[in-house]
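S.K.: Mind looking over this structure? Questions follow.
The numbers here are math on the coordinates, done by the rules we state, and not lab data. Remember, it's a predicted structure, so these values are computed and weren't measured experimentally. Using ideal geometry, Cβ is built from the backbone for each residue, glycine included, and neighbour counts are taken over all protein chains shown.
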Amino acid sequence: MAHDHVHPHHDRDPHAPVNESHGVRPDSALLERALRELLIEKNIFTAADIQHQIELTESRKPELGARVVAHAWADPQYKAWLLKDAKAAIENFLKIDLDLEPELVVVENTRERHHVICCTLCSCYPRAVLGIPPAWYKSPEYRSRVVIEPRAVLAEFGTTLPDDIEIRVVDSTANMRYMVLPLRPSHTGQMSEAELAALVTRDSMIGVAVLAGSQR
Amino acid sequence: MTRGVHDLGGLPAGPVDLSEHDRTFFDQRVDAMMRLLAHPEHGHYTVDAMRRAIEALPRDDYFGLTYYERWVRAIRQLAIEKGLIGEDELKRKLAALAASGGKT
Amino acid sequence: MRPRFTPGDKVRVHAQEVATHCRTPYYLRGKRGVVARVFGAFPNPEQLAYHKIGVPYQPLYQVTFEYAEVWGRPQRHTVITADIYQHWLESDH
């Protein structure tokens, strides 16, 4: 998929953790270790459980969402299903089990309406299809400002929308997790689904960005 | 009106910092612990309880700690609340780890 | 619990104060909106947060709010939506 940011030079996976506990206070690191060791001692979970959970979390990446978007662009019936019952449609297409995941809703950006997703109260995010939220999504600045000055916030991402398009700020306050189906770029009619998926960025599925070639 | 420290919609704030940080091993382990402890089927408490514990942090902690540092404090609160660990035994464990210099 | 509201219904968010866990944001208390979607019924998070079962389940609604209603000054073409549990809503017809 397309990337929203530039990686510094690495000769390994750029998304692997860079270090043990950057920016974390020593008392926090100690607390994490103490809790983990005690809970393992008491058989609340095992070290293998933790590793397995880490791998499961890491397996969810925006590429999943991008594939769903591409498929919806390519198949109008699938798109209709996705907009009506996102969880079922996504499970069916990606062949992943979302039974224990929160409810999912996909909202479609059109020429009349642009959605941008947030969680002002915490960090609710469609992790099942987009992976871990970026730090800015969880930041006090984004959470405070996107509901009161969405266009200014979008401008900070380099995104300018036409004046007459409705911006719909979607605050994920409860059980539903939202993902945006971005506008399809023009001149992509001949592309395969894999090629389409490669165009889709994480930020376009949050709604802070639009895809190149998709605006009027 | 009472407004929780976490209830941020509409409050004045500065520009959004767009820099991306790789998750550290600490972040990954805290995240994993939370998901195991709040698992919908075999967990010990809900994600709602996690949120409540985070929202109850003092203001300085809420804004001064990193995201996962807040989570680890919430895990401590809830693990004790649910009787998974005792406060005294946690104190002893912390002291033991500190005395050993954090070495295995 | 059968949902009380249907899409298109005008509703107002309760203006009450709470000191305990709650998923109705401060900035929407007392505001008027329109029901856009009806989701299912879910356990009450205000109870779940304190290790209670969370019954009765509360129907959940996506409610849309006009910018001017929320912030007291006009801004064209800007709508805010939030998902609000039924017990926080009253009819505003």
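S.K.: Within region A:69-150, report the trypsin sites (Lys or Arg not before Pro) that DSSP leaves as loop and that have at most 11 other Cβ atoms within 10 Å.
M.R.: The qualifying sites are A:LYS95.
S.K.: Relative contact order for chain A: what is it in percent, counting Cα pairs under 8 Å that are at least 6 residues apart?
M.R.: Relative contact order of chain A: 27 percent.
S.K.: Kindly provide the trypsin sites (Lys or Arg not before Pro) of region B:15-104 that DSSP labels as loop, not H, G, I, E or B, and whose Cβ sees at most 10 other Cβ atoms within 10 Å.
M.R.: B:LYS103
S.K.: Obtain the nm distance between the two label points defined at A:ILE40 and C:ARG4 by a simple spin-label model: each point lies 7 Å from its Cα along the Cα-to-C-beta direction.
M.R.: Here the answer is 5.0 nm between the modelled labels.
S.K.: Please work out the FRET efficiency for the pair A:LEU83 and C:HIS14, using the Cβ-Cβ distance as r and a Förster radius of 41 Å; give the result to the nearest 0.05.
M.R.: 0.85
S.K.: Compute the relative contact order of chain C as a whole-number percentage, counting only Cα pairs closer than 8 Å that sit 6 or more residues apart in sequence.
M.R.: 33
S.K.: While we're on this one: Unpartnered cysteines of chain A (Cβ-Cβ under 4.7 Å counts as a partner)?
M.R.: Lacking a cysteine Cβ partner under 4.7 Å: A:CYS118, A:CYS122.
S.K.: Please pull out the direction-averaged projected area of chain C, using the convex hull of its alpha-carbon atoms, in nm² to one decimal place.
M.R.: 6.1
S.K.: Then there is this: Hey, any idea what Rg/Rh is for the protein assembly as shown, computing Rh the Kirkwood way over Cα pairs?
M.R.: 0.96
S.K.: Okay, moving on. Taking Cα atoms, how many degrees apart are the long axis of helix B:87-99 and the longest axis of chain B, rounded to 10 and kept between 0 and 90?
M.R.: Roughly 80 degrees, rounded to the nearest 10.
S.K.: How high is the relative contact order of chain B, given as a whole-number percent (alpha carbon pairs under 8 Å, six or more residues apart)?
M.R.: 22
S.K.: In whole angstrom, how long is each semi-axis of the equivalent ellipsoid of region B:25-99, when you take the square root of 5 times every eigenvalue of its Cα gyration tensor and sort them from largest down?
M.R.: Here the semi-axes work out to 18, 17, 13 Å.
S.K.: Taking the 0 to 90 degree range and rounding to the nearest ten, how far is the long axis of helix B:67-81 tilted relative to the main principal axis of chain B, both from C-alpha atoms?
M.R.: The helix B:67-81 is inclined about 50 degrees to chain B.
S.K.: Same structure again: With everything on Cα atoms, drop me the angle between helix B:25-37 and the longest principal axis of chain B, reported from 0 to 90° to the nearest 10.
M.R.: Approximately 80 degrees, to the nearest 10.
S.K.: If you take the charge dipole of the protein assembly as shown about its Cα centre, with +1 on Lys and Arg Cβ and -1 on Asp and Glu Cβ, which of A:ALA47, A:GLY23, A:TYR78 is farthest toward its positive end?
M.R.: Positive-most Cα among the choices belongs to A:TYR78.
S.K.: With a sphere of radius 13 Å drawn around the Cβ of A:ALA152, what net charge do the other residues whose Cβ falls strictly inside it have (Lys, Arg +1; Asp, Glu -1)?
M.R.: Neighbourhood net charge equals -1.
S.K.: Give the distance, in whole Å, between the Cα centre of region B:5-79 and the Cα centre of region C:15-93.
M.R.: Each part's Cα centre sits 22 Å from the other's.
S.K.: Right, something else. Hey, could you grab the Kirkwood Rh for chain A? Inverse mean 1/r over distinct alpha carbon pairs, Å, one decimal.
M.R.: 19.0
S.K.: Net charge near B:ARG92, counting Lys/Arg +1 and Asp/Glu -1 over other residues with Cβ under 13 Å of its Cβ?
M.R.: Taking every other residue near B:ARG92 into account, the sum is -3.
S.K.: Please give the net charge around C:ASP92, taking every other residue with its beta carbon less than 12 angstrom from that of C:ASP92, where Lys and Arg add +1 and Asp and Glu add -1.
M.R.: Here the count lands on +1.
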